[in-house]
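Asker: Quick one: the structure is below, and I'll ask about it shortly.
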Amino acid sequence: MVELCLKRLPAYLKTDEPARAIQVLSPQRKGPCGVNQLNVLLQQALNPPSRQKRELQLGERLFREGDKVMHIHNNYQLEWYGAGEGKGVFNGDMGVIDSVDPEEKELTVLFDDGRRADYDAALTEELELAYCLSVHKSQGSEFTCVVMPCVGGPPMLLTRNLFYTALTRARELVVLAGREDCVASMVNNNHIARRYTALALRLTELPV
């Protein structure tokens, strides 16, 4: 996965910004090819430590200038600036870490739409590295190239619907890395989790 994102695909796509052009999507968060582990490995490869890049270590989480990140909660009070001024940063907003102040334990994120927002140590709980995203988190987004590990996992996760979601996030190229039997099992697994709601009941109770 790292070699694909660091060498092979950038050369194929003719890009010198692999983190921007290539998005890794994993069906699961845990395991060797899960979101958590791949983010650590891809951070090391695509944005390695440098004297020119300041870092902020918060427990097990490490943020470095230049890191690709995603905001993961709706925060209607978080102020932003740079493309005008306003409030509200939302689940799924992506950008890069523009600056880090290790002494104050603060960082600034430059979002893809040009907005900037400042985060103190507590607010960084609403940020995640985004070199690799879960397929679920990628819904509604679009990327030039998608890379997806297909190495097995819980059948409840590896479904046809999830596979379709991952493939349709890509504008130009999809790369499946793993085993053919894993791809086949996803295609053949048409399990759809049943959702229990009271919508039908509420609709029947509406006045005519």
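Asker: From (1) under 30 Å from LEU158 (Cβ atoms); (2) assigned to a helix (DSSP H, G or I), pick out the condition that doesn't hold for THR124.
Answerer: It is condition (1) that THR124 fails.
Asker: Which residues, counting only those in region 161-179, are in contact with a strand residue (DSSP E or B) (Cβ under 8 Å, 6 or more places away or on another chain) and either closer than 10 Å to PHE143 by Cα or assigned to a strand (DSSP E or B) (or both)?
Answerer: ARG169, ALA170, ARG171, GLU172, LEU173, VAL174, VAL175, LEU176, ALA177, GLY178 - these are the residues of region 161-179 that are in contact with a strand residue (DSSP E or B) (Cβ under 8 Å, 6 or more places away or on another chain) and either closer than 10 Å to PHE143 by Cα or assigned to a strand (DSSP E or B) (or both).
Asker: Among the numbered criteria (1) at pLDDT below 95; (2) under 27 Å from GLU17 (Cβ atoms), which one does PRO155 miss?
Answerer: (2)
Asker: For residues in region 34-55 being touching a strand residue (DSSP E or B) at 6+ places or on another chain (Cβ under 8 Å) and not in a helix (DSSP H, G or I), which is most open to solvent (accessible area, probe 1.4 Å)?
Answerer: ARG54
Asker: Condition (residue is outside any loop (DSSP other than H, G, I, E, B), closer than 28 Å to VAL151 by Cβ and acidic (Asp, Glu)) applied to region 3-22: is it met by at least one residue? Reasoning before the result, please.
Answerer: Taking region 3-22 as the starting set, the residues that turn out to be outside any loop (DSSP other than H, G, I, E, B) are 3-13, 18-22.
Within this subset, residues satisfying the condition of being closer than 28 Å to VAL151 by Cβ are 3-13, 18-22.
Now drop any that are not acidic (Asp, Glu), which leaves 3.
Checking region 3-22: at least one residue is outside any loop (DSSP other than H, G, I, E, B), closer than 28 Å to VAL151 by Cβ and acidic (Asp, Glu).
Asker: Against the condition farther than 24 Å from LEU6 by Cβ and over 16 Å from the mean Cα position of the chain (by Cα), how does GLY114 come out, does it pass?
Answerer: Numbers: farther than 24 Å from LEU6 by Cβ: yes; over 16 Å from the mean Cα position of the chain (by Cα): yes.
For GLY114, the condition - farther than 24 Å from LEU6 by Cβ and over 16 Å from the mean Cα position of the chain (by Cα) - is met.
Asker: Any residue in region 1-26 that is among the acidic types (Asp, Glu) sitting within a Cβ distance under 9 Å of a residue that is part of a helix (DSSP H, G or I) and surrounded by 15 or more Cβ atoms within 10 Å (Cβ to Cβ)? List the pairs, counting only those 6 or more apart or interchain.
Answerer: GLU3/ALA45; ASP16/PRO10; GLU17/PRO10
Asker: Within region 38-87, how many residues turn out to be in contact with a Leu (Cβ under 7 Å, 6 or more places away or on another chain) and without any contact (Cβ under 8 Å) to a residue 40 or more places away in the chain?
Answerer: 1
Asker: Of the numbered conditions (1) open to solvent by 100 Å² or more (accessible area, probe 1.4 Å); (2) in a loop (DSSP other than H, G, I, E, B); (3) over 14 Å from PRO27 (Cβ atoms), HIS136 satisfies every one except a single condition; which is it?
Answerer: (3)
Asker: Can you report the number of residues in region 97-110 which are free of Cβ contacts under 8 Å to residues at least 40 places away in the same chain and open to solvent by less than 60 Å² (accessible area, probe 1.4 Å)?
Answerer: Here the count works out to 3.
Asker: Going through region 60-95 one residue at a time, which ones are open to solvent by less than 70 Å² (accessible area, probe 1.4 Å) and in a loop (DSSP other than H, G, I, E, B)?
Answerer: If the condition is that a residue be open to solvent by less than 70 Å² (accessible area, probe 1.4 Å) and in a loop (DSSP other than H, G, I, E, B), then GLU65, GLY66, ASP67, ILE72, GLY82, ALA83, GLY84, GLY92, ASP93 are the ones that fit.
Asker: On the given criteria, is GLY88 on the phi > 0 side of the Ramachandran plot and at pLDDT below 95?
Answerer: Spelling it out, it is not the case that GLY88 is on the phi > 0 side of the Ramachandran plot and at pLDDT below 95.
Asker: Restricting to region 4-42, name every residue that is within 23 Å of PHE163 (Cβ to Cβ) and over 15 Å from the mean Cα position of the chain (by Cα).
Answerer: LEU4, ARG8, LEU9, TYR12, LEU13, GLY31, PRO32, listed by residue number.
Asker: May I pose another question? Residues in region 139-155: is at least one small (Gly, Ala, Ser) and under 28 Å from LYS14 (Cβ atoms)? I'd like the intermediate steps shown before the answer.
Answerer: At the first step, the residues of region 139-155 found to be small (Gly, Ala, Ser) are 140-141, 152-153.
Going one step further and asking which of them are under 28 Å from LYS14 (Cβ atoms), we end up with 140-141.
Looking for residues that are small (Gly, Ala, Ser) and under 28 Å from LYS14 (Cβ atoms), one finds at least one in region 139-155, hence yes.
Asker: Of all residues in region 158-196 being among the basic types (Lys, Arg) and under 21 Å from ALA19 (Cβ atoms), which is least open to solvent (accessible area, probe 1.4 Å)?
Answerer: We begin by selecting, within region 158-196, every residue among the basic types (Lys, Arg); these are 160, 169, 171, 179, 194-195.
Checking the rest, the ones that are also under 21 Å from ALA19 (Cβ atoms) come to 169, 171.
Values: ARG169: 42, ARG171: 130 Å².
That would be ARG169.
Asker: Taking the condition of being without any contact (Cβ under 8 Å) to a residue 60 or more places away in the chain and surrounded by fewer than 22 Cβ atoms within 10 Å (Cβ to Cβ), how many residues in region 142-157 meet it? Outline the logic, then answer.
Answerer: We begin by selecting, within region 142-157, every residue without any contact (Cβ under 8 Å) to a residue 60 or more places away in the chain; these are 142, 150, 152, 155-156.
So of that shortlist, the ones also surrounded by fewer than 22 Cβ atoms within 10 Å (Cβ to Cβ) come out as 142, 152, 155-156.
Within region 142-157, residues that are without any contact (Cβ under 8 Å) to a residue 60 or more places away in the chain and surrounded by fewer than 22 Cβ atoms within 10 Å (Cβ to Cβ) number 4.
The values are calculated or read from the model by the stated rules, or taken from the named source; none is laboratory data. Computed from a prediction, not measured in an experiment: that's the story for all the values here. Don't worry about glycine lacking a Cβ; one is built from the backbone with ideal geometry, like all the others, and counts go over all protein chains shown. The area values use the complete protein model at the heavy-atom level, side chains included, leaving out ligands, DNA and RNA. Shrake-Rupley method; radii C 1.70, N 1.55, O 1.52, S 1.80 Å.
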